[in-house]
Every structure is written in C-alpha cells, then in structure tokens.
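The values are calculated or read from the model by the stated rules, or taken from the named source; none is laboratory data. Since this is a predicted model, take the numbers as computed values, not measurements. A quick note on method: Cβ atoms are made from the backbone with ideal geometry, for glycine too, and the neighbour counts reach across all protein chains shown.
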Ligand SMILES: Nc1ncnc2c1ncn2[C@@H]1O[C@H](COP(=O)(O)OP(=O)(O)OP(=O)(O)O)[C@@H](O)[C@H]1O
Ligand SMILES: [Mg+2]
C-alpha cells in the first residue's frame, strides 16, 4: 500500500447522516477504492447544522463554532480511515473535503453563493496532509450554480463508448448525470432525494430514516397531494439548476399537508412516489434515448423508493435502474470518491466543473489548497 499515490475524499451531504471517508488511488482513468469509513455526527452538531441551514435564523457565533467542531470531526474521520488502512500522512497526496453545506443560493435575482463549513485548516493541521476544500465557489464566480459537481467524476469513471448512461445520485437532494458515448456530459438537480422522506419519518417515527422504506410501504399515495407537491416552483425551472434545504424542508412540507386529512403513513407513501416520479420525469424530459440507468447514494437502500422509481421509469418507457456496484463502485461511496477525484484534479491543475452542467461561462480549476 505504501509508495502508492493515494487521495482521501470526505463527504457529508444534505442528509447529515454521517461523514463518509474513502481512500482511493487512480491509474489510467481507473479508480481503486482502498477502503472506506463512516464517521457518525453527534446529535448536537447535527442540530446546529439544521439551525444554521434555516434562512432567517442567522447566528455568526454558532456558524464559527460549528465550522470548528466540523473541522475536528472531519480530521477525526480522516485519521480513523488512515489508521484502518495503515496509511500515514506521507502516503496521502491530498484530502478532498466537501464540507457541510449550510446554505446554497443559486444565482438568480439575488447573487449566487454556496457555503460549506468544516475548517480545512484544522483537517490539515491534525492529519499532516494537504487539504483541498471550497470546491463550489469558483464555479459560481464564473456564473455557475456551483452544483452539481459530481457529473465530471461520473463521466470520468462511468462513461461508456457506445451507450448513453444516466447516473442518478439519491442523496438528500437528487441529481442526475447524462453521459453520452461521445463524452458529452450534462446534469442537474432533479429535486428532493431522501430529504423529505427523512424529515417526515423523523417527525412521526423518531427514526433517522424509513428503513428500507418499510413504513412508507404500509401507506397509499394521495393523488391530490402528489399533484400539489409537484407544483413546487423548482420543477418549472429549466437547467442548469440546483437546489437544497432552502427549497425542500420539513417546514414547507408541513405547510403543504397541515390542512389535509391524510395519515402520516399515506403522506410517507406519497413522498416516496413524489421523489421517484420527479426523478423519472426529469429523465423523460431530456427526450433522448437512454440505454442504461444507474443509481448511487443512500436512497438506493429505500426499497419502496426504488420500486416506485422503476415503475415511474417503466411508465415512461425507460430502462430499469441498476446499482453503480454493477459498474465497479458501491453506491454509498460514489460521492466521497468524487471529492477525492476533485482533489486530484486540483493537484493536477485540471478543471473540475462542466459548464454544460453548472452554467458557468468556462471550465475552471476548483478548490483551494490548505497546507499542513
Ligand atoms: N437502509 C436504509 N433504508 C432507507 N433509507 C436509507 C437506508 N440507508 C440509507 N438511507 C438513506 O440514505 C440517506 C443518506 O444518503 P447519502 O449519504 O447518499 O446522502 P447525503 O449525505 O445527503 O449525500 P448528498 O451529498 O448526495 O446529498 C439517509 O439519510 C437515508 O435517507
Ligand atoms: Mg451522507
């Protein structure tokens, strides 16, 4: 293992479920996943992140303190992974740390910005490794959405020379990448992934998520509510587009449901169909032949969601989904690997964004370097 060129990727997504850490090597466009590690996020930090994510409740002191706590946590996750794999700082070229998004405002009437916290200086100081962070803001400086950033990585490792592939990442938010045989790459956020399913499940069952979608499977979807949820402004926007907790959150969902006489389980069933249907519709709207569809992200473990996604795709005469495991990468580690790769792109001085995806005016090198 020693003497190989290794990168670490750290990802903590919108779901705030855990910090995912991977160690990978890259050779000839092939990625080798050396190991992975999942670091839990203490309840207090999770609750602080949720507070910081709520527009209107701005608190600079809490922001700075949580930036610090998360910096420590990301460093701990890196050290745990390094110890698990018997790697030391000299073995690691760089750690790519996405950070925790607490606010994402795509460019529009107001200026665009995207704020990720988890002090990279601390990660560098504690691990002794260079850290690359702040991946989104350069793309936004060139007028882009700063999101999604994973399509470039999907193209790098999942591109097929004769098939058009779609990769669906079902994290808190769902995003898709369209990978064409000629190297063409598009992509955008499709709307909610697990975010509403998790929020509703936490409110009514006090569990972090609806394990395998079993609770939702006991309910029946409500057609009127489904139609109402689909009228969200986000679905009227054309790409490039990105979204986050600002658009889809428990408060919004409660507003949509509080006057309705529908059981919580039926609402959960409706949310599963809503999530599945809006993803399938985004792919259908591309109006182009798709050969294969692969799914990554934690949503793949919600069997009810996946069942409904396959039904929604079939209804629109599109192929059934497969796991990215069938093309070489376990679905729960794809995002973290993407940030290891983006760190490599930064070190190699190569662009990390795809202007056709983010809407930026040009390709550009993403991320800042924090030396130990
Ligand atoms: N066994 C399971 N049953 C149902 N859902 C699951 C299961 N395991 C994971 N999940 C879902 O996956 C989510 C975590 O997925 P993931 O880590 O890909 O999202 P994320 O951290 O928000 O990433 P992103 O950056 O893509 O938004 C959990 O919050 C949960 O909703
Ligand atoms: Mg996660």
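Quick look at the numbers
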| item | result |
| --- | --- |
| Any hit, region 2-15, residues being within 16 Å of ligand 1 (Cβ to nearest atom), touching a strand residue (DSSP E or B) at 6+ places or on another chain (Cβ under 8 Å) and free of Cβ contacts under 8 Å to residues at least 40 places away in the same chain | no |
| Residue count, region 178-195 (criterion: closer than 13 Å to residue 253 by Cα and more than 10 Å from ligand 1 (Cβ to nearest atom)) | 1 |
| Residues that are over 23 Å from residue 170 (Cα atoms), free of Cβ contacts under 8 Å to residues at least 12 places away in the same chain and part of a helix (DSSP H, G or I), drawn from region 238-268 | 255 |
| Spans of helices (runs of 4 or more DSSP H) in region 172-236 with at least 2 residues farther than 20 Å from residue 16 by Cβ and at pLDDT 95 or above | 214-217, 223-230 |
| Failed item, numbered, when residue 139 is tested on (1) within 16 Å of ligand 2 (Cβ to nearest atom); (2) buried (at least 24 other Cβ atoms within 10 Å of the Cβ); (3) not in a loop (DSSP other than H, G, I, E, B) | (1) |
| Residues that are within 16 Å of ligand 2 (Cβ to nearest atom) and surrounded by fewer than 18 Cβ atoms within 10 Å (Cβ to Cβ), drawn from region 19-42 | 38, 40, 42 |
| Test for residue 193: is it within 16 Å of ligand 2 (Cβ to nearest atom), touching a helix residue (DSSP H, G or I) at 6+ places or on another chain (Cβ under 7 Å) and touching a residue at least 12 places away in the same chain (Cβ under 8 Å) | yes |
| From the options 21, 77, residue that is within 16 Å of ligand 1 (Cβ to nearest atom), in a helix (DSSP H, G or I) and either in contact (Cβ under 8 Å) with a residue 40 or more places away in the chain or not assigned by TED's automatic domain parsing to the domain that holds residue 298 (or both) | 77 |
| Meets criteria (closer than 18 Å to residue 329 by Cα and either assigned by TED's automatic domain parsing to the domain that holds residue 88 or within 16 Å of the chain's Cα centre (by Cα) (or both)) for residue 121 | no |
